[in-house]
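Here's the structure, in structure tokens; my notes come after.
The values are calculated or read from the model by the stated rules, or taken from the named source; none is laboratory data. Since the model is a prediction, treat every value here as computed from it, not as a measurement. Cβ placement follows ideal geometry from the backbone for every residue including glycine, while neighbour counts extend to all protein chains displayed.
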Amino acid sequence: MTLPLFFFYVFSAIAVASAVMVVAARNPVHAVLFLILVFFNAAGLFMLAGAEFLSLILIVVYVGAVAVLFLFVVMMLDVDFASLRSGMLQYAPIGVVVGLVLLIELLLVAGSFVVSPEVASASVLPINNGVDNTKALGLVLYTRYVFLFQGAGAVLLVAMIGAIVLTLRHRPNVKRQDPVKQVARRASETMEVVKVKSGQGL
Amino acid sequence: MNSDVTDFASLAPAYPEMLLAVGAIVLLLVGVAINKERSLLVSYGAVLLLLIVAAIVLFAPAEGVLFNGVFIADSFARFMKVIVLAGAAFSLMLALPHAEENGTHKFEYSILALLATLGMMAMVSANDLMSLYIGLELQSLAAYVLAAIKRDDPRATEAGLKYFVLGALSSGMLLYGASLIYGFTGHTNLQEIVIAIAAEGRSIGLIFGVVFLLAGVAFKISAVPFHMWTPDVYEGASTPVTAFFATAPKVAAMALMVRLVMDTFQGITHDWQQIVIFLSIASMVLAAFAAIGQKSIKRLIAYSSIGHVGFALVGLASGTQVGVEGVAIYMAIYVAMNIGLFACILSLRSDAGYVETIQDFAGAAQTRPFVAAIMAIIMFSLIGMPPLAGFFAKWHAFLAAIDAQLYLLAVIGVLASAVSAFYYLRIVKVMYFDEPVHRFEAVPAELTIIMAVSGLFVVTYYFTVGGPLASFAHVAAGSLF
């Protein structure tokens, strides 16, 4: 048994097991933590497949942002997860059907590569085995697709400005951190060294 | 890897967009640095920036295809960009007086409008399904925020939310159409799609894609049956924002529609022609009858703009160069009339606030004769009375339809135009023959200037701007054929 194959089975076994636990865990916080474990193992699988960029992005975006957001929602909102889960077995058949449909779709997509292997090379940017995919992305992002990349950046800028302009309110009488004031503080202003004689106290 | 951007000079066709993007970011930084609720520097800076960019587009033209075919700058794009930029600049000027009350006093208002305009320029210059979507989304996302910018007003928030949800739906349809077109032609580049259609002919999948794509764009120009959002959003958003929505984005989306059907899908003219004719007839007829019952002036303008999109589509339905010329001229005149109309509405402000219903205009001719006169002129022009500008707009559009032997379409257009005269003339009647109800406040100087310019444009159109505009439109339309 080769080493990549060994790791493939390790990652996929843990991924499937923790995916089951995401649904089965009683405590919603545990469920989110299991979800993070699924993401990590999926990232490991991507790494094995040679998609190192996707793998790291999965960790940064899904673990770093999305999962933490889930955790926030679970901990801050008062949602009764026990009642949400009550009808789970009832809906299981529908879940199985959706899973089957996904499986068939996956087989169809994978099948197209088996039936006509030349499909992959007919795309606009054919896969070049000599260049790893982070570098391949870097080569086109700021050259061939610079307009679209910058345009997408502008869309994100609008989203950011929009979120701030619609939600930020400057309330008076709110205590805020003032970094300048904090940095300018000196030890001499705040601390005093007092000699205390033993047995006397202050 | 194979990029056509070799040095800075090779970017010349995209200079206006680059300047607008950099300018918007600089003004954003200025606004944040000044750190005040209202910053006149940013407001005036944004108007000035738009006018400078318009001047560059107009007087320093550079044409070509850039960024590996996703961006095109041709005469048609230039013509439409000038209208978009002028419309955006004037509607930002409309937001200057009484900004506090309209919720447009935040400096982010100008920044978002600038970025929306950047998106519109990208739409006008789109030469690829991807850049088309990026431009459309940049414009729409900024517009959703603008609709809700008066965030403490429940109506504005409702308008923003409604616009967002329906806009997301239309983006979904557009993307689905784009994916089908990509799937059945194998290209996202519009020029490559033309070649693919010519080589392989029409397939049923492609037709489906075109229908979905056009439905997405029709939502943006608010053509019936994708118009439902327009009256609600126009009514809910504050009036200067409505003025912005009714002018620049409509022109950009119409330019996109023209480029798609005339250029990209020229090989399947008979298929898209049916769609455009349907959109056109439905828009004209529904708008003419639905506007009659409206009491709110902004809802009335919303239906009026739906109707005008229908009239412009009459020109497009012909599928000829004369038709494109007609659409180009129509959009230019439409923007000029709407800017003047909104300037009139914003300058009629009593102690009870801005005019909201049509009855609020009662007796404006006695208290504010200048505003009432301009308003009446624009109303006659919107109906299409000769010798005002609106007549020539419709003249060009209907002429193209008759040239293409679409007699029924032209007849329905003229009849709808006659019906629409009722609700336009009702406003004139209320202004001139009813007793005054409100005491209107003094008119801000900016609005007086805009009203005078718009009135002059509408009245003297035939003798002054009409000739140069028509020849510019002729060149613009020629670049698509």
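Restricting the search to region B:95-118, which residues are within 11 Å of chain A (Cβ to nearest Cβ) and either under 17 Å from B:LEU175 (Cα atoms) or of a type in the set (Asp, Glu) (or both)?
Passing the criteria: only B:GLU108.
Condition check ((1) closer than 16 Å to B:MET337 by Cα; (2) part of a loop (DSSP other than H, G, I, E, B)) across all residues:
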residue	(1), (2)
B:LEU408	no, no
B:VAL411	no, no
B:ALA416	no, no
B:ALA421	yes, no
B:TYR424	yes, no
B:LEU447	yes, no
B:GLY455	yes, no
B:TYR461	yes, yes
B:PHE481	no, yes
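Can you tell me which of (1) at pLDDT 80 or above; (2) more than 8 Å from chain B (Cβ to nearest Cβ) is the one A:LEU125 doesn't meet?
Every listed condition holds for A:LEU125 apart from (1).
Scan (1) in contact with a Leu (Cβ under 7 Å, 6 or more places away or on another chain); (2) under 19 Å from A:GLY153 (Cβ atoms) for the single condition B:VAL22 breaks and write down its number.
Only one criterion in (1) in contact with a Leu (Cβ under 7 Å, 6 or more places away or on another chain); (2) under 19 Å from A:GLY153 (Cβ atoms) is unmet by B:VAL22, namely (1).
Tell me which of these B:ALA223 doesn't satisfy, since it passes every other one: (1) surrounded by 19 or more Cβ atoms within 10 Å (Cβ to Cβ); (2) within 14 Å of chain A (Cβ to nearest Cβ); (3) under 19 Å from the mean Cα position of the chain (by Cα).
Answer for B:ALA223: the failing condition is (2).
Give the number of residues within region B:4-35 that are surrounded by 13 or more Cβ atoms within 10 Å (Cβ to Cβ) and among the charged types (D, E, K, R).
Count: 2.
Within region A:155-202, which residues are under 30 Å from B:TYR133 (Cβ atoms) and either part of a loop (DSSP other than H, G, I, E, B) or not small (Gly, Ala, Ser) (or both)?
A:VAL155, A:LEU156, A:LEU157, A:VAL158, A:MET160, A:ILE161, A:ILE164, A:VAL165, A:LEU166, A:THR167, A:LEU168
Going through region A:34-78 one residue at a time, which ones are in contact (Cβ under 8 Å) with a residue 12 or more places away in the chain and closer than 23 Å to A:MET88 by Cβ? Even if it seems obvious, please write down each step before you answer.
Our first condition is that a residue be in contact (Cβ under 8 Å) with a residue 12 or more places away in the chain; within region A:34-78, this holds for A:34-46, A:48, A:50-56, A:58-59, A:62-63, A:67, A:70-71, A:74-75.
The answer is A:PHE34, A:LEU35, A:ILE36, A:LEU37, A:VAL38, A:PHE39, A:ALA67, A:PHE70, A:LEU71, A:VAL74, A:MET75.
Specify which of the listed residues (A:ASN27, A:ASN41) is buried (at least 17 other Cβ atoms within 10 Å of the Cβ) and not assigned by TED's automatic domain parsing to the domain that holds A:LEU137.
Only one candidate qualifies: A:ASN41.
Check region B:18-36 and report whether any residue there is of a type in the set (Gly, Ala, Ser), within 27 Å of B:ALA336 (Cβ to Cβ), more than 11 Å from every other protein chain (Cβ to nearest Cβ) and in a helix (DSSP H, G or I).
Yes - at least one qualifying residue is present in region B:18-36.
Tell me which of these B:ALA88 doesn't satisfy, since it passes every other one: (1) in contact (Cβ under 8 Å) with a residue 60 or more places away in the chain; (2) within 12 Å of chain A (Cβ to nearest Cβ); (3) of a type in the set (A, V, I, L, M, F, W, C).
Every condition holds for B:ALA88 apart from (2).
Of all residues in region B:119-153 being in a helix (DSSP H, G or I), more than 10 Å from chain A (Cβ to nearest Cβ) and over 16 Å from the mean Cα position of the chain (by Cα), which is farthest from B:GLU192 (Cα to Cα)?
Result: B:LEU132.
Exactly one of these conditions fails for B:ASN68: (1) within 14 Å of chain A (Cβ to nearest Cβ); (2) polar (S, T, N, Q); (3) assigned to a helix (DSSP H, G or I). Give me its number.
Evaluating B:ASN68 over (1) within 14 Å of chain A (Cβ to nearest Cβ); (2) polar (S, T, N, Q); (3) assigned to a helix (DSSP H, G or I) leaves (3) as the failure.
Output yes when any residue across region B:72-81 is over 17 Å from the mean Cα position of the chain (by Cα), modelled with pLDDT of 90 or more, within 14 Å of another protein chain (Cβ to nearest Cβ) and not in a loop (DSSP other than H, G, I, E, B), and no when none is.
yes
Provide a single number: the residues in region B:92-106 that are farther than 16 Å from B:TYR354 by Cβ, out of contact with any Leu (no Cβ under 8 Å at 6 or more places or on another chain) and either among the aliphatic types (A, V, I, L, M) or part of a helix (DSSP H, G or I) (or both). Give the steps one after another, and end with the answer.
Looking only at region B:92-106, we keep the residues that are farther than 16 Å from B:TYR354 by Cβ, and these are B:92-93, B:106.
The next check asks that each one be out of contact with any Leu (no Cβ under 8 Å at 6 or more places or on another chain); those that pass are B:93, B:106.
Next, from what is left, pick out any that are either among the aliphatic types (A, V, I, L, M) or part of a helix (DSSP H, G or I) (or both): B:93.
Summing the residues that are farther than 16 Å from B:TYR354 by Cβ, out of contact with any Leu (no Cβ under 8 Å at 6 or more places or on another chain) and either among the aliphatic types (A, V, I, L, M) or part of a helix (DSSP H, G or I) (or both) in region B:92-106 gives 1.
How about region B:414-442: which of its residues are over 24 Å from B:ILE333 (Cβ atoms) and either in contact (Cβ under 8 Å) with a residue 24 or more places away in the chain or touching a strand residue (DSSP E or B) at 6+ places or on another chain (Cβ under 8 Å) (or both)?
B:VAL430, B:TYR432, B:ASP434, B:GLU435, B:PRO436, B:VAL437, B:HIS438, B:ARG439, B:PHE440, B:GLU441
May I ask you to list the residues in region B:415-452 that are surrounded by fewer than 19 Cβ atoms within 10 Å (Cβ to Cβ) and of a type in the set (Ser, Thr, Tyr)?
Across region B:415-452, the qualifying residues are B:TYR432, B:THR448.
What's the total number of residues in region B:196-220 that are more than 30 Å from B:TYR144 (Cβ to Cβ), touching a helix residue (DSSP H, G or I) at 6+ places or on another chain (Cβ under 7 Å) and of a type outside the set (Val, Ile, Thr)?
Narrowing region B:196-220 to residues more than 30 Å from B:TYR144 (Cβ to Cβ): B:196-207.
Then keep just the ones that are touching a helix residue (DSSP H, G or I) at 6+ places or on another chain (Cβ under 7 Å); that gives B:196-198, B:202-203, B:205-207.
Narrowing further to those that are of a type outside the set (Val, Ile, Thr): B:196, B:198, B:202-203, B:205-206.
Matching residues across region B:196-220 total 6.
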